[in-house]
Amino acid sequence: MTKLDAMDFRLLRQLQADPDLKCAELAQKSGMSPATCWRRLENMKRDGPISRFEGSIDWTSLGYEIEVSLRIKLDKANPKVFDEFFYEVRKIPEVTEIQTFLGRVDVRLTLLARNSKHYRELYRDRILALPFVSDIEPLMLISTVKDSRCLPI
Amino acid sequence: MPADLIELDDIDRRILKLLAENADIPTVEIGRRASISQSLAWRRIQRLKECGVLGKRRLIFENEALGFTVTVFLGIRLSAKGSASLAEFERAIVAIPEVQVVQQVLGIYDYRVRIVARNLSDFERVLRRRIMALPGVSEFEANVLLSEERRPGPIG
């Protein structure tokens, strides 16, 4: 990766503040020509540090009223625990995130459900059926106060 | 089901799936991959945006390339839970630049927080100087993120 300079950082700061900015607006805000802006962006997409742009889906507008964070401890006696657990988890469409951790929690899942009845069904029929689970702690989302992937650059 | 919910068809679902993964794909390419014309793809994307299903784009960095090698999730429990103290806590925590996500939750913790740091000693600094200085924090638990996988969700 080529070393980033002050102009690249200026671009990145503008872009993380508003990722929907068009190249022309971005160029103007960062004080460079659109061509320079475009070239620098392309370089940073190709060589890093820009990984990608994700679209966000508002699941509530699609009828998913409930989001629960499931903190899971696995029974790690078997070396295949993670592979088999992941294999089964990926079959549950309502799971939108799978994270692994070092700490008291091994795996965390984000689970969506239409309503509490749907959540109960998913929990009982799909989550409790997952292999090697030794403990589950659910945290139900009440509100999202901040949600970004911005870095202090 | 409430009447104001948006009904998606297969084309919408395919478009959403593509854009959720990579919001940078040109409309032409979306059309090609969803087997529809570019103009239809454009109209569908506009509709998904207008009805709020498709939200703002989000820039995802390769954190390591910018020197941020550690992501930690904190579960935080507050001691006092009056609405004034919640508001004060929230105002203070969202202002911390290393804090990416703050969610109020119901369960053994009151808040879930996602924090980035350059390394573990940088994380210790954020924890001691910033998080532990927040008003009302009584207990917290830290888990270091090892891997993360985003799934398309129930649109498939």
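Angle, helix B:38-50 long axis vs. longest principal axis of chain B, Cα atoms, 0 to 90°, nearest 10? So the helix axis and the longest Cα principal axis differ by about 40 degrees.
Across peptide A:114-126, the mean count of Cβ atoms from other chains lying within 10 Å of each residue's own Cβ comes to 0. Taking only alpha carbon atoms, chain A gives an Rg to Rh ratio of 1.11, where Rh is the Kirkwood radius. Here the Karplus relation 6.51 cos²θ - 1.76 cosθ + 1.60, evaluated at θ = phi - 60°, turns the backbone of segment A:24-30 into coupling constants of 4, 5, 4, 4, 4, 5, 9 Hz, with x for every Gly and Pro.
Between B:E50 and A:A35, what FRET efficiency comes out of the Förster formula 1/(1 + (r/R0)^6) with R0 = 45 Å and r the beta carbon distance, rounded to 0.05? In this case the efficiency is close to 0.90. Report the residues of segment A:102-143 in range of a label on A:D83: point 7 Å along Cα→C-beta, backbone N strictly under 17 Å from it. Those under the cut-off are A:131-132.
Using a ≥ b ≥ c from the Cα gyration tensor of segment A:59-140 (square roots of the eigenvalues), is it rounded, prolate or oblate, where a/c under 1.5 gives rounded and otherwise the larger of a/b and b/c decides, a/b for prolate? Judged from the Cα gyration tensor, segment A:59-140 comes out prolate (a/c at least 1.5, a/b above b/c). Taking other Cβ atoms within 10 Å as a rough exposure proxy, B:D110, A:D58, A:D83 sort from fewest to most as A:D83, A:D58, B:D110.
Taking every residue in A:20-27 and counting other chain Cβ atoms within 10 Å of its Cβ, the average works out to 1. Shielding value for B:68-76 is 3, the average number of Cβ atoms from other chains within 10 Å of each residue's Cβ.
Centroid-to-centroid, using Cα positions, segment A:59-94 and segment B:60-89 are 22 Å apart. Shape analysis of segment B:10-50 places it in the rounded category; the axes a ≥ b ≥ c from the Cα gyration tensor give an a/c below 1.5. Taking the average, over residues, of other Cβ atoms within 10 Å as the packing measure, peptides B:23-31, A:104-112 rank A:104-112, B:23-31 from highest down. In this structure the amide hydrogen of B:G55, modeled in the peptide plane, comes within under 5 Å of the amide hydrogens of A:S56, A:I57, A:D58, none closer than 5 places in sequence on its chain.
For B:S147 and A:S51, the FRET efficiency from 1/(1 + (r/R0)^6), where r spans their Cβ atoms and R0 equals 25 Å, is about 0.95. Placing +1 on each Lys and Arg Cβ and -1 on each Asp and Glu Cβ, with no other charges, gives chain A a dipole about its Cα centre of roughly 320 debye. Segment B:1-58 and segment A:1-57 have their alpha-carbon centroids 24 Å apart. Cross-link partners for A:K22 among the lysines, with Cα-Cα distance under 29 Å and sequence neighbours closer than 8 places in the same chain left out: A:K3, A:K45, A:K146, B:K17, B:K49, B:K56. Within the shell defined by Cβ-Cβ distances under 15 Å, the residues around B:A65 carry a net charge of +2, with Lys and Arg each +1 and Asp and Glu each -1. Nearest 10 degrees is fine. How inclined is helix A:6-17 to the longest principal axis of chain A, computing both from alpha carbons? With both axes taken from Cα atoms, the answer is about 50 degrees. Between the Cα long axis of helix B:10-21 and the first principal axis of chain B there is an angle of about 40°, rounded to the nearest 10. Extending 7 Å from Cα along the Cβ direction at A:F9 and again at A:K117 yields two label points whose distance is 5.6 nm. Relative to the Cα centre, the charge distribution of the protein assembly as shown, modelled as +1 at Lys and Arg Cβ and -1 at Asp and Glu Cβ, gives a dipole magnitude of about 500 debye.
Every number in this text was worked out from the coordinates using simple rules, so none of it is lab data. The shown structure was predicted, so the numbers you read here are calculated from the model rather than taken from an experiment. Note: ideal-geometry Cβ built from the backbone for every residue, glycine included; neighbour counts use all protein chains shown.
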